[in-house]
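The values are calculated or read from the model by the stated rules, or taken from the named source; none is laboratory data. Everything numeric in this text was worked out from a predicted model, so none of it was measured. Note: ideal-geometry Cβ built from the backbone for every residue, glycine included; neighbour counts use all protein chains shown. The accessibility values were calculated without ligands, DNA or RNA, using every heavy atom of the protein model including side chains. Shrake-Rupley method; radii C 1.70, N 1.55, O 1.52, S 1.80 Å.
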Amino acid sequence: MEYEPEREGGPAASETAEPYHIPVLKEEVVEELVTDTGGIYVDGTLGGGGHTEAILERLSPAGRVIGIDRDPEALERCRERFDGHEGRLTLIKGNYSEVDSLLKGLGIKEVTGVLLDLGVSSRQLDEGERGFSFMRSGPLDMRMGDEGVTAARLVNTLPEMELKKLFYEYGEESRAPRAARAIAAAREKKPFETTGELAATIEKALGRRGGKHPATKVFQALRIAVNRELEGLKKFLEVFTDILEEGGRVAIITYHSLEDRMVKRALRDMEPHCICPPAAPVCTCGEPGVMRVLTRKAVKPARREIEANPRARSAKLRIAEIFAKEAGGTNEQRTH
Ligand SMILES: C[S@@+](CC[C@H](N)C(=O)[O-])C[C@H]1O[C@@H](n2cnc3c(N)ncnc32)[C@H](O)[C@@H]1O
């Protein structure tokens, strides 16, 4: 979920009748992910449980969902929301990057589908206290869960050069040097404690241009670093085929180009690159692949969805299906 400056400054979600989170591309996800209504599905980014609810609705009584989130508050919310679904829904506090060992702990070897809806939920973003917001000042935290270092720690201790690199790489902020310099100078006088202090320093250094808050990209970079988001995604992309049964699918929704690029490349690399002669009965070149990408182009929300939920506008959904558990599938499975 991306930062949504237009909404910044309004009342926090918890103070209004606003939903915890509006699930993005819900129909598309359920349509493509649920191939067996009696199967087991993992929602690796449970959040407010919007996608989980839609999957449960599609499943037969035999079907089951395992919901994972690193945020204890999201789990608490889903425990209340899904009270009475205990037999069909299992909630786990954990990191989706460890999905293989989390499932092992439940005695589950393989599942029919896995969903990741990356980033933060609207609730996390809107709660000043969680420290993600540049308008609703709160402690400079930004941790989705209750582990790891805070944004304050990074901002107050990383050398200026490393802050610059972080803003370039994770925020794709072209004015990274200026932002890093301003932070380094300001913390000499007083360490940063709140999101408001950081946002004000960045705004003073970069000035206002257009509608976006000038701190948007710096905040994105810090959030990614604090939560080790790209490391987690990389690890997941290395292990998820182990826990998918043959014919099972993975669906991943990303909200910025760094994540989307990683997902696109990883799925493409798992596709067949077979160079055996077409007449060969069995692939012997060692490049038969294990996945078939079902979304040549990423699926994006329709205009109507974006109008109803502007935070959906940068969403991209990619889906792939596993056709062979081990590299070494036959020629019939090759989709050149
Ligand atoms: C965009 S929200 C998901 C919203 C959800 N699909 C819904 O419909 O309500 C992302 C959620 O994933 C969680 N999350 C992000 N990275 C995670 C990780 N590596 N492991 C587990 N949960 C993670 C966040 O705490 C947040 O609750």
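Can you sort 170, 41 by 1.4 Å-probe accessible area, starting with the largest?
The ordering from most to least exposed comes out as 170, 41.
Given 234/264; 109/297; 93/316; 26/234, which pairs have Cα atoms separated by over 19 Å?
Those over the limit are 109/297; 93/316; 26/234.
Can you find, among 75, 96, 256, the residue sitting farthest towards the positive end of the charge dipole of the chain, where Lys and Arg contribute +1 and Asp and Glu -1 at Cβ?
Checked the options; the winner is 256.
In the full protein assembly as shown, how much of residue 300 is accessible to a 1.4 Å probe, in Å² to the nearest 10?
We get 130 Å² for residue 300.
Anyone know which of 80, 172, 193 comes out most mobile in the 10 Å Cα GNM of the chain?
80
Testing the spin-label approximation: label points 7 Å from Cα along Cα→Cβ at residue 257 and residue 106. State their distance in nm.
Using points 7 Å along Cα→Cβ, the separation is 3.6 nm.
How high is the FRET efficiency from residue 27 to residue 188, r the C-beta distance, R0 51 Å, rounded to 0.05?
Efficiency, rounded to the nearest 0.05: 0.45.
Would you work out which of 221, 207, 196 lies farthest towards the positive end of the dipole of region 146-226? Charges go on Cβ: Lys and Arg +1, Asp and Glu -1.
207
Taking Cα centroids, how far is region 251-308 from region 192-210 in Å?
39 Å
Using alpha-carbon positions, what is the distance between the centroids of region 101-138 and region 33-79, in Å?
12 Å
If you count only protein heavy atoms with a 1.4 Å probe, what accessible area per residue comes out for region 146-226, rounded to a whole Å²?
For region 146-226, the per-residue accessible area is 50 Å².
Could you order 228, 313, 64 by accessible surface area, starting with the largest, using a probe radius of 1.4 Å?
From most exposed to least exposed: 228, 313, 64.
What number comes out for accessible area per residue over region 234-335 if the probe is 1.4 Å? Units Å², please.
51 Å²
Rolling a 1.4 angstrom probe over the protein chains, ignoring ligands and nucleic acids, what is the accessible area of residue 146 in square angstrom, nearest 10?
Ignoring ligands and nucleic acids, residue 146 comes out at about 90 Å².
Under the classification rounded if a/c is under 1.5, otherwise prolate if a/b is larger than b/c and oblate if not, where does region 146-226 fall, given a ≥ b ≥ c as square roots of the Cα gyration tensor eigenvalues?
Here region 146-226 falls in the rounded category.
May I ask what percent, to the nearest 5, of DSSP beta bridges between residues of the chain are antiparallel?
40 percent
Can you pull the one-decimal nm distance between simple spin-label points at residue 86 and residue 178, each 7 Å off the Cα toward Cβ?
5.8 nm
Of all accessible surface on region 146-226 at a 1.4 Å probe, what whole percent is carbon and sulfur?
Ligands and nucleic acids excluded, carbon and sulfur give 51 percent.
Using only alpha carbon pairs under 8 Å that are at least six residues apart, calculate the relative contact order of the chain and give it in whole percent.
Reported as a whole number, the value is 18 percent.
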